[in-house]
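Colleague: Here it is, the structure in full.
The values are calculated or read from the model by the stated rules, or taken from the named source; none is laboratory data. Source: prediction; values computed, not measured. Every residue, glycine among them, receives a Cβ derived from its backbone with ideal geometry; neighbour counts consider all protein chains shown.
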Amino acid sequence: MSTKLMMKQVTQTYGDGDSTLSVLNNLDFEVQEGEFVAVLGPSGSGKSTFLSAAGALLTPTSGEIYIDGESIIQKDKTQLTELRLHKIGFMFQSAQLLPYLKVEEQLLYVARLAKLNAKEARQRAADLLKRLEISGKRNQYPEQLSGGEKQRVAIARAWMNNPAILFADEPTASLDYRRGREVVRMIADEVKKERKAAVMVTHDERMLEWCDRVLHLENGKLVEK
């Protein structure tokens, strides 16, 4: 079983001199293949900073981060962009679908960015849409979809580039309880089926049923309760 994400002694500070604020404080974290981990914490606890550092969107003040065994700390902007295209999938609070692309086109756009084979990309898109039970929506625009359907498309898009790890930032915030649970279950199913890994940042403890581990971000560190 491989380690999909490893964070060692990661610190993120803001400001300088007497006004320095430490958001992440020598944080250690690992996620294994096939594992779905939830990270909880109140507003202002540093969840967004944690996710940005883990997802190669932010270079921390100090520490080491490895994604799929590859160190990301010394990479330049171009290398980090390539890493995100091929190793990382993202989901956000709102689906953030492109309004001018149909459902299938949303997925194929990611495939083109990642330079995937066109024929294989179409097959993968079809498989993902079928698994997430939205094949019938493939030719519809985002404005024609419900909130739950949009998040299903967002899940499919996040898995489209066959990433090592998925980062989900409050993916159920815009959904009601039933649809939210459905979305979390689908993320968990994909993690198990594709032997990937996922980290979900959330404040909603009702969404934890399908998570393998639940950690709390407190004083800049992750603790298990």
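Colleague: Got at least one residue in the range 99-110 being surrounded by fewer than 17 Cβ atoms within 10 Å (Cβ to Cβ), at pLDDT below 90 and either of a type in the set (A, V, I, L, M) or out of contact with any helix residue (DSSP H, G or I) (no Cβ under 7 Å at 6 or more places or on another chain) (or both)?
Modeller: Taking every residue of the range 99-110 in turn, none turns out to be surrounded by fewer than 17 Cβ atoms within 10 Å (Cβ to Cβ), at pLDDT below 90 and either of a type in the set (A, V, I, L, M) or out of contact with any helix residue (DSSP H, G or I) (no Cβ under 7 Å at 6 or more places or on another chain) (or both).
Colleague: Separate question: In the range 189-220, what residues are closer than 25 Å to residue 116 by Cβ and hydrophobic (A, V, I, L, M, F, W, C)?
Modeller: 191, 197, 198, 199
Colleague: Output the residue which, of all residues in the range 78-114 that are touching a residue at least 12 places away in the same chain (Cβ under 8 Å) and either basic (Lys, Arg) or in contact with a Cys (Cβ under 7 Å, 6 or more places away or on another chain) (or both), is farthest from residue 204 (Cα to Cα).
Modeller: 102
Colleague: For the range 175-199, enumerate the residues that are surrounded by fewer than 17 Cβ atoms within 10 Å (Cβ to Cβ) and in a loop (DSSP other than H, G, I, E, B).
Modeller: Selection gives 176, 195.
Colleague: Filtering the range 19-61 down to residues that are in contact with a strand residue (DSSP E or B) (Cβ under 7 Å, 6 or more places away or on another chain) and β-branched (Val, Ile, Thr), which residue is farthest from residue 216 (Cα to Cα)?
Modeller: Step by step, filter the range 19-61, then rank; the result is 20.
Colleague: Something else: Hey, can you tell me all the residues within the range 175-191 that are more than 24 Å from residue 48 (Cβ to Cβ) and over 15 Å from the mean Cα position of the chain (by Cα)?
Modeller: 178, 182
Colleague: Moving on to the next point. Applying the selection to the range 1-18, what residues are out of contact with any strand residue (DSSP E or B) (no Cβ under 6 Å at 6 or more places or on another chain) and among the hydrophobic types (A, V, I, L, M, F, W, C)?
Modeller: Passing the criteria: none in range.
Colleague: Among (1) among the β-branched types (Val, Ile, Thr); (2) outside any helix (DSSP H, G or I); (3) within 21 Å of residue 106 (Cβ to Cβ); (4) under 12 Å from the mean Cα position of the chain (by Cα), there is one condition residue 172 misses while meeting the rest; what is its number?
Modeller: Looking at each condition in turn, residue 172 falls short on (4).
Colleague: Okay, moving on. Give, as residue ranges, the strands (runs of 3 or more DSSP E) completely inside the range 1-114 that count at least 2 residues that are touching a Lys or Arg at 6+ places or on another chain (Cβ under 7 Å).
Modeller: 21-32, 36-40, 62-67
Colleague: Let me ask something else about it. Against the conditions (1) in contact (Cβ under 8 Å) with a residue 12 or more places away in the chain; (2) in contact with a strand residue (DSSP E or B) (Cβ under 8 Å, 6 or more places away or on another chain); (3) farther than 19 Å from residue 6 by Cα; (4) of a type outside the set (Asp, Glu), where does residue 193 fall short? Just the number, please.
Modeller: Failed condition: (2).
Colleague: Also: Could you tell me which residue of the range 139-155 is farthest from residue 86 (Cα to Cα), considering only residues that are surrounded by 24 or more Cβ atoms within 10 Å (Cβ to Cβ) and in contact with a Lys or Arg (Cβ under 8 Å, 6 or more places away or on another chain)?
Modeller: 151
Colleague: Would you call residue 131 more than 15 Å from the chain's Cα centre (by Cα), of a type in the set (D, E, K, R) and buried (at least 16 other Cβ atoms within 10 Å of the Cβ)?
Modeller: Here the answer is yes, as residue 131 does meet what is asked.
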